[in-house]
Amino acid sequence: MNPQFLKRFLIVVYAAGLFGMHIPETAHLFTSLVPLTLWFTAFICVIYYPNPNKNAYIMLFALAFAGWMLEVVGVKTGQIFGSYAYGKTLGFQAMHVPITIGLNWVILLIATNAVVAEWNIEGRIGKAALGAGLMTALDLLIEPVAMHFDFWQWAGNSVPVQNFGAWWLASFFFHWVYNTSGLSTKSSLFRLIAVLQFCFFLGHWILLQIFS
């Protein structure tokens, strides 16, 4: 697929999802498509990965699995992010955690890393810290949207501060591993995905303030 066409197609997909999830007549349909959108975005990240090789794909799979396992432990114990439970919106679950959550960790990792790579920051620790900061900032936007659309629910309907600290630490670790493994790469496509993620959840937040 032509890269420019793909970028335009992704913009249309995310824009349609943003507005479609708020129109009463289409809300159920577009909300049900959230898992498919995550699978599609992850597929794009893999297919268009700039340096494709066996080791890179193994590492990406390992990171996705690690992200999913982190959530499994988090849900089971309530000790990592706080006490929360996943709803049905994100699709098929194993051990009470949607499979798509592992994909989401890798999508956000690849996308935010591409943004940091463009800034030409020296040092893996600095890059990991900035990448973790971007992912945590995005989580601030995600949380109210996730609860509204039943991605997950927090005990007491309140997001604990602990969640954001744990998000930063986990994101820092994933970024550090990603950079140390030589996977970090510049990509305008991945930067666009980062922008789309921020715009998607910011747009949802704005629409929820207007119509709620």
Selection status of residue 58, hydrophobic (A, V, I, L, M, F, W, C) and more than 22 Å from residue 200 (Cβ to Cβ): yes
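Of the residues 44, 99, which is over 27 Å from residue 212 (Cβ atoms) and in contact with a Pro (Cβ under 9 Å, 6 or more places away or on another chain)? Show your work before the answer.
Working: 44 fails: in contact with a Pro (Cβ under 9 Å, 6 or more places away or on another chain).
Matching residue, one of 44, 99: 99.
Kindly indicate whether any position in the range 15-38 is within 22 Å of residue 178 (Cα to Cα), surrounded by 14 or more Cβ atoms within 10 Å (Cβ to Cβ) and either among the aromatic types (Phe, Trp, Tyr) or in contact (Cβ under 8 Å) with a residue 40 or more places away in the chain (or both).
Of all residues in the range 15-38, those within 22 Å of residue 178 (Cα to Cα) come to 38.
So of that shortlist, the ones also surrounded by 14 or more Cβ atoms within 10 Å (Cβ to Cβ) come out as 38.
Keeping just the survivors that are either among the aromatic types (Phe, Trp, Tyr) or in contact (Cβ under 8 Å) with a residue 40 or more places away in the chain (or both) gives 38.
Yes, that holds for at least one residue.
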Verdict on residue 95 being surrounded by fewer than 18 Cβ atoms within 10 Å (Cβ to Cβ) and either acidic (Asp, Glu) or touching a Lys or Arg at 6+ places or on another chain (Cβ under 8 Å) (or both): yes
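Among the residues that make up the range 113-126, is at least one of them under 15 Å from the mean Cα position of the chain (by Cα), touching a residue at least 40 places away in the same chain (Cβ under 8 Å) and closer than 17 Å to residue 60 by Cβ?
Restricting attention to the range 113-126, the residues satisfying the condition of being under 15 Å from the mean Cα position of the chain (by Cα) are 113-115.
Those left that are additionally touching a residue at least 40 places away in the same chain (Cβ under 8 Å): 113-115.
Keeping just the survivors that are closer than 17 Å to residue 60 by Cβ gives 113-114.
Yes: the range 113-126 contains one or more residues that are under 15 Å from the mean Cα position of the chain (by Cα), touching a residue at least 40 places away in the same chain (Cβ under 8 Å) and closer than 17 Å to residue 60 by Cβ.
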Residue count for the range 123-156, restricted to those that are over 19 Å from residue 86 (Cα atoms) and outside any helix (DSSP H, G or I): 1
Boolean, residue 173 is closer than 19 Å to residue 68 by Cβ, among the aromatic types (Phe, Trp, Tyr) and surrounded by fewer than 20 Cβ atoms within 10 Å (Cβ to Cβ): yes
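Which ranges mark the helices (runs of 4 or more DSSP H) fully within the range 1-91 that have 1 or more residues being of a type in the set (D, E, K, R)? Reasoning before the result, please.
Numbers: elements: 3-20, 27-32, 34-47, 54-77.
Counting at least 1 such residues, we get 3-20, 54-77.
Can you find a residue in the range 28-40 that is small (Gly, Ala, Ser), under 19 Å from residue 191 (Cα atoms) and either modelled with pLDDT of 95 or more or out of contact with any Phe, Trp or Tyr (no Cβ under 9 Å at 6 or more places or on another chain) (or both)?
Narrowing the range 28-40 to residues small (Gly, Ala, Ser): 32.
Then drop every residue that is not under 19 Å from residue 191 (Cα atoms), which leaves none.
No - not one qualifying residue is present in the range 28-40.
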Residue check, residue 100 polar (S, T, N, Q), modelled with pLDDT of 95 or more and over 16 Å from residue 42 (Cα atoms): no
Number of the condition not met by residue 159 [criteria: (1) in a helix (DSSP H, G or I); (2) closer than 30 Å to residue 87 by Cα; (3) of a type in the set (Val, Ile, Thr)]: (1)
Among the candidates 190, 164, 198, residue that is surrounded by 19 or more Cβ atoms within 10 Å (Cβ to Cβ) and in a helix (DSSP H, G or I): 190
First in the range 47-73 and at pLDDT below 90, second anywhere and not aromatic (Phe, Trp, Tyr), Cβ under 9 Å, 6 or more apart: 50/185; 50/186; 50/187; 50/189; 51/182; 51/183; 51/185; 52/46
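Looking only at the range 92-110, count every residue that is hydrophobic (A, V, I, L, M, F, W, C) and part of a helix (DSSP H, G or I) and tell me the total.
Going through the range 92-110, the residues hydrophobic (A, V, I, L, M, F, W, C) turn out to be 92, 94-95, 97, 99, 101, 103, 105-110.
Adding the requirement that they be part of a helix (DSSP H, G or I) leaves 101, 103, 105-110.
Within the range 92-110, residues that are hydrophobic (A, V, I, L, M, F, W, C) and part of a helix (DSSP H, G or I) number 8.
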Matching residues, the range 98-153, being closer than 20 Å to residue 185 by Cβ, among the polar types (S, T, N, Q) and surrounded by 17 or more Cβ atoms within 10 Å (Cβ to Cβ): 104, 112, 113
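The values are calculated or read from the model by the stated rules, or taken from the named source; none is laboratory data. For clarity, every value in this text was computed on a predicted model and none was experimentally measured. For neighbour counting, all protein chains shown are included, and Cβ atoms are generated from backbone atoms with ideal geometry for every residue, glycine included.
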